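These notes concern the structure reproduced below.
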Amino acid sequence: MKILIADDDPLSRRLLEKTLERVGYEVISVPDGRQAVKSLSATDAPRLALLDWMMPELDGPGVCREIRKRRQQNYVYMLLLTSRQSKEDTVVGLESGADDYLVKPFNADELKARLRTGERILHLEDCLVEAREDMRFKATHDHLTTLWNRAVIMDLLGRELTRSQRENGCTAVLLGDLDHFKNVNDNHGHLVGDQVLREVARRLLLSVRSYDFVGRYGGEEFLVVLNNCRPDSAFGRAEEIRKTICTRPIQTDAGPLGVTMSLGVLLSRDWGQRPADELLQEVDAALYAAKAAGRNCIKQAKPEESHEVASVPPPALERFR
Amino acid sequence: MNKADHSSEAASVNLNELLARVDNDRELLCELLSIFKQEFPGHLQGLQNAVARNDAAQVARISHTLKGMLSSLAVTKAVASVTRLEQLAHAGEISSLRGALGALEKEVQGLLPEMDSYLAEAANENTNR
């Protein structure tokens with residue numbers, strides 16, 4: 001584990017370096033407080049620090065205050081070293097943000113024990129951060145496909161529409177639905193169905209740019225948001241996605257299965273300042289139209305055709321799925 | 001190095017304590033003594049100048065630095081003297097600084113020759129190995 005030593009006294013610094021290297025720490029040492037802050041703020045910085053109280057440029061408590069003020073992503077466990085021993089000094093040291101306090105000349109065993117305490121606290125912090133990140137992931141992603149979940153993809157769509165309106169750009173909204181997916185589940189079971197959904201998700205992710213969004217909108221429905229998309233290329237990109245799904249069979253425990261996807265496409269520029277949920281209704285109608293046209297194809301939602309598409313009664317559309 | 005030779009009352013450095021502090025690493029011990037020999041004269045000179053100028057803040061700062069160095073090397077008697085000097089400077093007792101400096105100078109008078117003898121012994125031990 002990396003550890004920073006900040007001490008202006010070269011003798012004390014060398015003694016600390018050697019003591020800590022012996023027990024396996026990777027030591028970085030600096031002679032003043034400013035360099036300590038720089039070192040602790042760097043990428044892959046040490047998360048344990050031994051700071052002398054009195055140093056030129058910036059003293060130990062000053063380093064603690066500076067680091068705490070920055071609210072870095074990774075917690076730094078800081079231990080002040082000093083020959084000051086009054087209760088007032090202890091209070092000042094700890095209130096500056098230091099985690100612990102050791103009086104010089106230090107006893108090597110006590111120092112090591114206190115650093116182990118620091119390591120335990122850092123480990124606990126890592127566990128908490130990991131748990132928080134795990135919960136955040138679960139709250140924002142679909143557990144089966146690991147794509148964005150419905151709530152998040154809708155939120156991302158709303159933000160992207162606002163941005164493209166503000167910048168006079170164009171967002172392409174694609175709603176895709178696997179054709180006859182119910183048959184996969186009925187004939188081969190839900191586990192095979194899940195394998196198909198995971199592979200479709202993987203192919204969708206591979207077919208978009210890193211800054212586009214892909215989410216699982218419903219059971220076998222996927223919403224793709226192509227950010228800053230040129231209007232003349234949107235249909236072509238939807239076609240690429242359709243081909244990505246149907247060109248190669250999906251390998252499953254039930255053997256290779258051919259799967260196709262119908263898609264509705266919508267260009268935000270065609271629809272003015274309409275909210276996301278209204279645009280979704282329009283692209284959903286286009287998707288229904290693609291199903292009605294024989295599936296494994298794409299239909300674009302256009303304002304002038306909106307009435308015609310919408311005129312197909314929903315129960316009639318449902319049977320095309 | 002023969003520990004018994006340096007553990008008498010007259011010795012400035014508490015060698016047993018120092019060896020324990022460096023985990024019996026004589027190479028490190030020699031390295032620390034060399035650093036001290038290099039740094040100490042400049043700090044002592046700075047301290048003498050600050051006392052001559054009645055500059056209490058500077059006396060306090062340099063005394064603190066010296067206290068740390070002397071403590072690290074377990075030079076126990078000198079630590080007491082330099083601590084007193086630091087306290088007097090913090091208290092602004094300018095008139096007492098010269099006397100306290102004199103006591104410190106007396107404590108550290110034989111320090112560098114003593115360290116030289118440790119280093120020479122260590123070098124001999126290495127040669128005879």
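The values are calculated or read from the model by the stated rules, or taken from the named source; none is laboratory data. The structure displayed is predicted, hence computed values, not measured ones. Don't worry about glycine lacking a Cβ; one is built from the backbone with ideal geometry, like all the others, and counts go over all protein chains shown. Accessible surface areas use protein heavy atoms only, side chains included; no ligands, DNA or RNA. Shrake-Rupley method; radii C 1.70, N 1.55, O 1.52, S 1.80 Å.
Please report, as a whole percent, how much of the solvent-accessible surface of the stretch A:183-316 comes from carbon and sulfur atoms (probe radius 1.4 Å). Before the final figure, lay out the partial values.
Values: 3240 of 6510 Å².
Carbon and sulfur together cover 50 percent of it.
For the protein assembly as shown, what ratio Rg/Rh do Cα atoms give with a Kirkwood hydrodynamic radius? Show your work: numbers first, answer last.
Working: Rg = 36.5 Å, Rh = 28.1 Å.
Here Rg/Rh amounts to 1.30.
Please give the contour-minus-distance gain from A:Gln281 to A:Val129: 0.36 nm per residue of separation, less the Cα-Cα distance, rounded to one decimal in nm.
Details: separation 152, 0.36 × 152 = 54.72 nm, distance 3.89 nm.
Extending this stretch completely gives an extra 50.8 nm.
With all projection directions averaged, the alpha carbon convex hull of the stretch A:185-233 covers 4.1 nm². Considering only DSSP states other than H, G, I, E and B, which trypsin sites (Lys or Arg not before Pro) in the stretch B:10-74 qualify as loop sites with at most 16 other Cβ atoms within 10 Å? Sparse-neighbourhood loop trypsin sites (Lys or Arg not before Pro): B:Arg53.
Binning the C-alpha pair distances of the stretch A:211-284 at 10 Å intervals from 0 yields a P(r) profile of 16, 46, 28, 10, 2 %, listed from the shortest bin outward.
The mean sequence distance of close C-alpha pairs (under 8 Å, at least 6 residues apart), as a share of the length of the stretch A:8-158, puts its relative contact order at 16 percent. Here's the picture: charge each Lys and Arg Cβ at +1 and each Asp and Glu Cβ at -1 in chain A, and of A:Gly193, A:Ala139, A:Gly60 the one pushed furthest to the positive end of that dipole is A:Gly193. Residue-wise HN-Hα couplings along the stretch A:119-131, as the Karplus relation 6.51 cos²θ - 1.76 cosθ + 1.60 with θ = phi - 60° gives them from phi, are 4, 4, 5, 5, 5, 4, 4, 4, 5, 5, 5, 4, 5 Hz; Gly and Pro carry x.
Taking the charge dipole of the protein assembly as shown about its Cα centre, with +1 at Lys and Arg Cβ atoms and -1 at Asp and Glu Cβ atoms, the residue from A:Ile28, A:Leu263, A:Ser210 reaching farthest to the positive side is A:Leu263.
In this calculation the C-beta distance from A:Val103 to A:Lys182 is compared with R0 = 51 Å, giving a FRET efficiency of 0.10. Exceedance of the 23 Å cut-off in Cα-Cα distance is limited, within the set A:Lys182/A:Lys291; A:Lys87/B:Lys77; A:Lys18/A:Lys112; A:Lys38/A:Lys112; B:Lys37/B:Lys67; A:Lys104/B:Lys77, to A:Lys87/B:Lys77; A:Lys38/A:Lys112.
Suppose R0 equals 22 Å; then what is the FRET efficiency for B:Asn16 and B:Gln38 from their Cβ-Cβ distance, rounded to the nearest 0.05?
On the way: r = 24 Å, r/R0 = 1.11.
Plugging the Cβ-Cβ distance into 1/(1 + (r/R0)^6) gives 0.35.
Show log10 I(q)/I(0) for the stretch A:1-86 at q = 0.12, 0.19, 0.20 Å⁻¹, two decimals, from a solvent-free Debye sum over equal Cα scatterers. Taken in order of the listed q values, log10 I(q)/I(0) reads -0.30, -0.77, -0.85. Full extension of the chain segment joining A:Ser210 with A:Leu191 gains 3.9 nm, where the gain is 0.36 nm per residue of separation less the Cα-Cα distance.
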